[in-house]
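The values are calculated or read from the model by the stated rules, or taken from the named source; none is laboratory data. No experiment lies behind these values; they were computed from the predicted model shown. Positions of Cβ are generated from backbone atoms using ideal geometry, with glycine treated the same way; all protein chains shown enter the neighbour counts. What goes into the accessible areas is simple: the full protein's heavy atoms, side chains included, and nothing from ligands, DNA or RNA. Shrake-Rupley method; radii C 1.70, N 1.55, O 1.52, S 1.80 Å.
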Amino acid sequence: QVQLVESGGGSGQAGGSLRLSCTGPGYSRGYRHMCWFRQASGKERERVARLYSGGGNPAYVDAVKGRFTLSYDAANYTLYLQMDSLKPEDTAMYYCAAGYSSTWCDDFKAWGQGTQVTVSA
């Protein structure tokens, strides 16, 4: 319902780093569930990481745990995904989302159009 905008995608090398950003009215409206998803070509959408801005630590799926770091800058209403130790398997379109009642933002209060991440070996 409310647009979010992702940025920071691009091409990287295996073992390198990228940082994605997501901002927009969806986060300034108090939708405190914040999520990153990704979808590789020909694959289903995959959960990546989530955070409740009201408190607690970020949660990560096993595929990215220890390599990705999720954070939120409340002053600037910006969600970040720091991606380190990149692998070719991380290649996908990355989407951010905001939720109100759903931990994984499945109520779609806000959703971005995606930013492409391509990791070469």
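A compact table of results
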quantity: Members of the stretch 52-81 found to be under 19 Å from Gly8 (Cα atoms) and either within 12 Å of the chain's Cα centre (by Cα) or of a type in the set (Asp, Glu) (or both), listed by number; calculated: Val64, Phe68, Thr69, Leu70, Ser71, Tyr72, Asp73, Thr78, Leu79, Tyr80, Leu81
quantity: Those strands (runs of 3 or more DSSP E) lying entirely in the stretch 21-121 with at least 2 residues open to solvent by 20 Å² or more (accessible area, probe 1.4 Å); calculated: 33-39, 46-52, 68-73, 78-83, 92-99, 115-120
quantity: From the options Lys109, Lys65, residue that is among the charged types (D, E, K, R), over 14 Å from Arg19 (Cα atoms) and in contact (Cβ under 8 Å) with a residue 60 or more places away in the chain; calculated: Lys109
